[in-house]
Each structure stands twice: as C-alpha cells, then as structure tokens.
Amino acid sequence: MKKFKVTGDQLKRAKELFDFKELNNSITKGEGNLAGAIGEIIVKDAYNGKGENTYDYDTIIKDYKIDIKTKKFSDQFTPNKNWNLNVSDYNTKQKCDAYCFVGVNESNTIAYVYGFMKKKDFYDKAVFGKKGQIDPRGNGKWKFKSDCYNILIKDFSSKSSSVA
C-alpha cells in the first residue's frame, strides 16, 4: 500500500475529468465521482499511465489495460487491512487485464494505492457478496451495498499479482 498526498494540480485535473453527474449504475449516485477521478489521476501520474478512459479500462500501464477502482473513506480513518476492495457484479464484463484499487479520503487530500491485481487472479480469490447480505468475514455488522466481488486489503496485499 502506497500513500500519496493529492496536489492542488491533481485535484484541479480530477475536477475537470468527469463532466457528467454520475456513472451508470453508480452505487453512490455520483457522490464518489471526484474520489474516482482523483484515484485515476494519482495512478496515471505515479505509474506513467497512458491512454484515454473507456468503459472497459481507465489507463494502460506496461501494456496492461487497467481499470481503477476507487472508494472514498472518512477523514477519521486510515485504511484498515480488513477493509473490502471490490468490483461490482455489473462490472465483471469489462475488458481489462487488471484492476488497481485506490482509497481517497473524504477531504480529497490523501490517496492510498492498495495495489494492482490481474483480473483473473482477482476473481479466483474474491468472495461474492449479495446486496444486503452480511459479510461473513467481518464482525457481523457490514452489509454489502450492492452485488459485488470482494477481497480484503490484507489478502489482496499479500497475494496480489504484480502488474506495475
């Protein structure tokens, strides 16, 4: 896991990245757009990402088509090894080679790149969670907000496949 300070220039570019209210099937109804854009900018800057965003992937790094999955988290916390990294069920058909998972704090000042994982490796290791189901790996309180495939940061970090 790598920590990045979001610069003023990165925040400005992120605000210009998406000129629409929300992505189709957005779980947060557009509230995560800026965090998602920051995640993309951070990854592209830090890992020399190339190319334009498509439905299937966000950038190309070392010939891998990478889809960047970003989640916003509260300023009161730092990422925890038991947090879920996930891909929504409706995104499984994206034609990418790998995922990069990122967390951005709600004040948009800090980003954590949790790492990269080849798409096949992710689905081989991920646990499927149904919307409303309690995560069986947790403390009995976390409910999945949508149908999604999940892996914990601690499992991702120790078992991720190197891409970048």
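The values are calculated or read from the model by the stated rules, or taken from the named source; none is laboratory data. From a predicted model like this one, the values you see are computed outputs, not experimental measurements. Cβ placement follows ideal geometry from the backbone for every residue including glycine, while neighbour counts extend to all protein chains displayed. Accessible surface areas use protein heavy atoms only, side chains included; no ligands, DNA or RNA. Shrake-Rupley method; radii C 1.70, N 1.55, O 1.52, S 1.80 Å.
Of note:
- Residue match in the range 96-104 (condition: open to solvent by 20 Å² or more (accessible area, probe 1.4 Å) and assigned to a strand (DSSP E or B)): no
- Index of the failed condition, residue 123 passing every other in (1) outside any strand (DSSP E or B); (2) out of contact with any Ser or Thr (no Cβ under 8 Å at 6 or more places or on another chain); (3) modelled with pLDDT of 90 or more: (2)
- Count of residues meeting criterion [among the aromatic types (Phe, Trp, Tyr) and open to solvent by 20 Å² or more (accessible area, probe 1.4 Å)] in the range 115-149: 4
- The single condition from (1) assigned to a strand (DSSP E or B); (2) surrounded by fewer than 18 Cβ atoms within 10 Å (Cβ to Cβ) that residue 107 fails is (1).
- The single condition from (1) farther than 19 Å from residue 2 by Cα; (2) free of Cβ contacts under 8 Å to residues at least 24 places away in the same chain that residue 65 fails is (2).
- Of the candidates 86, 150, 80, the single residue that is in a strand (DSSP E or B) and more than 21 Å from residue 37 (Cα to Cα) is 150.
- Scanning the range 93-113 for residues being of a type in the set (Phe, Trp, Tyr) and in contact (Cβ under 8 Å) with a residue 40 or more places away in the chain gives a total of 2.
- Residue in the range 12-19 that is modelled with pLDDT of 60 or more, within 18 Å of residue 100 (Cβ to Cβ), of a type in the set (A, V, I, L, M, F, W, C) and not in a loop (DSSP other than H, G, I, E, B) present: yes
- Extreme residue, surrounded by the most Cβ atoms within 10 Å (Cβ to Cβ), among residues of the range 50-91 that are more than 14 Å from the chain's Cα centre (by Cα) and among the β-branched types (Val, Ile, Thr): 61
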